[in-house]
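Single-structure report; data block below.
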Amino acid sequence: MGFVYVLPDLGEGIAEAEVVRWHVAEGDDVKEDDPLVEVLTAKATVDAPSPRTGKVLKVVALTGETIQVGEPLAVIGEAGEDVEAILQANAKASSRRPAGGAIQVLPSVRKLAAELGVSLEALQHSGPITADVVRAAARGNLGASVQGNLGVGVRARRRLQGVGRAAAQNLSRAQLVPTVMVVEEAQLDALFRLQQLLDIGYVPFLVQAAIAAFREVPEANARFDEAKQELVIYDQVDMAVAVHLDEGLAVPVMSDCAGLSLRELAEKIRDLGERAHANALSPSESMGGTFTVSCPGDAGVLLATPLLNVPQVGLLALHRLSRRPIVVDGRLAVGWAAHVTFTHDHRAINGMTACHFLRRVVELLSKPLQALEAGIFRPGDLQSQASRAPRPGASEPSGALAAELGGLPEPRRRDHLVAAIEARLRKQLNTNWTFDRSRTWSDLGLNSYGAVSLRSSLSDALGCELPPTLLYRHATPVALAEHLLGLLRRPAAPATLTPVQLLQRLRGMQEQQAHALLVELTEGRAARDAQPRQTKGEDLIGEAGGAAASDVEIDAQLDDILGADSSAGA
């Protein structure tokens with residue numbers, strides 16, 4: 001006996017999904033648990049399996065159609081069965097026009113018709129009403145009020161889907177919450193150098209600073225229950241991280257992340273970001289969370305006012321890092337600084353409590369060496385950066401591009417490297433453009449996530465670690481290529497020196513002494529850089545050698561490990 005296969009309950013409170021792609025066509029045979037249709041929920045792509053074996057007698061939901069849980073997707077049965085009889089036997093398969101003339105449909109169908117501008121009363125009803133609405137919109141069968149609005153000057157009508165629709169709904173809810181934002185400025189000279197030393201971006205530090213601040217302000221890690229007017233405070237930290245996508249803003253969630261190290265957080269954030277861009281997050285990873293952090297990086301601005309990720313009561317954001325005047329020990333200086341904001345639900349967190357939370361976060365970010373000493377910032381398992389293993393999923397062998405450059409005459413290396421950078425940029429931006437090589441990354445449309453991906457790709461291709469600030473310091477493809485060629489001509493970094501050993505030198509020092517040493521470790525001294533290096537290494541372009549390290553050479557060797565020129569970043 002045939003049956004109507006409806007959109008199943010996908011869990012996590014998901015009420016609707018958009019049909020992205022059918023894996024089968026009418027007349028195909030399917031087996032139980034075979035992938036039947038790919039649907040897009042609010043933030044994830046899910047394959048809905050066939051619940052039993054049979055033949056696909058009819059595809060009811062069309063590609064691009066949004067349907068509710070419980071509405072029909074397809075009719076499955078045996079060859080020769082009456083499809084219409086099966087549909088009529090299922091109360092949810094279609095809605096019929098009553099004798100009074102007004103068509104009765106599910107609320108979701110009426111909403112869809114209104115969004116598409118389709119007049120339900122004008123339909124020539126011939127089957128499942130939802131499919132008829134979509135077909136009518138495709139034919140241009142619009143209601144009179146909508147037709148009158150499509151006049152001269154309208155360039156396009158773009159319907160929000162998937163992530164974009166979910167973000168729009170959530171932001172509308174956020175406007176109904178009485179939110180307040182408090183702002184502080186963090187002096188980040190030490191953090192700027194520490195994250196280079198560890199080759200870890202800023203977000204993991206922001207996450208661990210927030211987790212530490214929860215110990216003093218636990219009500220920040222909470223959700224507000226509107227129905228009961230209660231604040232639900234959590235022991236477990238499920239951290240949501242804002243990720244910019246072309247179609248909207250995703251906030252993938254790292255569940256129970258309080259025990260993760262900086263390195264583990266960095267890997268988790270990278271993985272979630274890549275899968276968010278590929279629409280490959282699971283429902284549990286794309287919804288929920290107890291708190292949100294945001295760090296737009298170089299693509300951001302000096303200061304913004306982020307909205308809450310409701311029903312969470314707090315969102316912490318680190319805005320664009322820049323060189324600016326700061327006061328250090330009563331003296332005016334120039335250093336790295338950034339604004340940090342804490343957006344909060346004023347029903348759950350009062351102003352003084354919010355200020356206390358933010359000041360604690362800023363204190364940790366501004367004095368990361370003290371936080372490192374206290375065990376608040378936990379680097380985790382740091383392997384030597386002198387030799388690099390390819391990342392999982394890398395598209396080419398580690399060092400393949402360096403080998404290509406080594407086989408070319410010196411005059412041709414720069415153009416070949418620029419072309420390789422542009423090829424990766426086209427792939428990331430999904431374009432065939434011919435780039436103006438004098439334009440900066442932001443001019444070319446590369447956001448902060450794309451910058452991280454491009455750096456990782458080049459690290460794999462060149463077989464050496466590159467610093468997180470690489471594209472920030474070298475803002476055009478040509479400038480980047482010239483810098484990378486300079487790195488490749490340097491002696492190979494010795495395998496005996498690791499960031500762990502370097503960090504040990506900072507342990508137990510006073511803050512000023514540790515900071516001064518950190519500056520030396522990440523920049524080196526100009527006078528020492530002028531001295532010839534006593535190493536036996538060859539160019540990284542070609543066969544690489546190595547040499548033992550001495551304490552006197554640490555500064556110069558660290559430059560090789562980090563892949564950063566000693567004159568930059570000051």
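Note on C355 and R331: their simple-model spin labels are 3.1 nm apart, each label 7 Å out from Cα toward Cβ. If the chain linking N90 and A280 were pulled fully straight, counting 0.36 nm for each residue of separation and taking away their Cα-Cα distance, it would gain 65.1 nm. Highest-first packing order for the peptide set 227-236, 300-309 is 300-309, 227-236, based on the mean count of other beta carbon atoms within 10 Å. Specify whether the C-alpha gyration tensor of region 221-291 places it in the rounded, prolate or oblate class, a ≥ b ≥ c being the square roots of the eigenvalues: rounded for a/c under 1.5, otherwise prolate if a/b is larger than b/c and oblate if not. Cα axes put region 221-291 in the oblate bin. Each of A168 and A419 was given a label point 7 Å from its Cα along the Cα-to-Cβ line. The distance between the two points is 4.4 nm. Among N279, G335, L303, which residue has its Cα positioned farthest towards the positive end of the charge dipole of region 277-354, with +1 placed on the Cβ of Lys and Arg, -1 on the Cβ of Asp and Glu, and the dipole taken about the Cα centre? With unit charges placed on the Cβ atoms, the residue in question is G335. Calculated FRET efficiency, V183 and E404, Cβ-Cβ r, R0 30 Å, to nearest 0.05? About 0.05, to the nearest 0.05. For region 196-310, the solvent-accessible area with a 1.4 angstrom probe is 40 square angstrom per residue.
Taking each residue as 0.36 nm, the span from V232 to S456 lengthens on full extension beyond its C-alpha to C-alpha distance by 76.7 nm. Between E363 and L176, the simple spin-label model (points 7 angstrom out along Cα→Cβ) gives 3.8 nm.
Residue separation of W433 and Q512 scaled by 0.36 nm, minus their Cα-Cα distance, works out to 23.5 nm of gained length.
When the solvent-accessible area of region 163-304 is split by element, carbon and sulfur atoms take up 51 percent of it, the probe being 1.4 Å. Quick check on region 310-387: take the gyration tensor over C-alpha atoms, sort the square-rooted eigenvalues as a ≥ b ≥ c, and tell me if it's rounded (a/c under 1.5), prolate or oblate. Verdict is oblate for region 310-387.
Which of rounded, prolate, oblate describes region 1-65, given a ≥ b ≥ c as roots of the alpha-carbon gyration tensor eigenvalues and a/c under 1.5 marking rounded, otherwise prolate only if a/b is larger than b/c? It comes out prolate by the Cα gyration axes.
The values are calculated or read from the model by the stated rules, or taken from the named source; none is laboratory data. Everything numeric in this text was worked out from a predicted model, so none of it was measured. Reconstructed Cβ throughout: ideal geometry from the backbone, glycine too, with neighbour counts over all protein chains shown. Note: accessible area is taken over every heavy atom of the protein model, side chains too, but ligands, DNA and RNA are not part of it. Shrake-Rupley method; radii C 1.70, N 1.55, O 1.52, S 1.80 Å.
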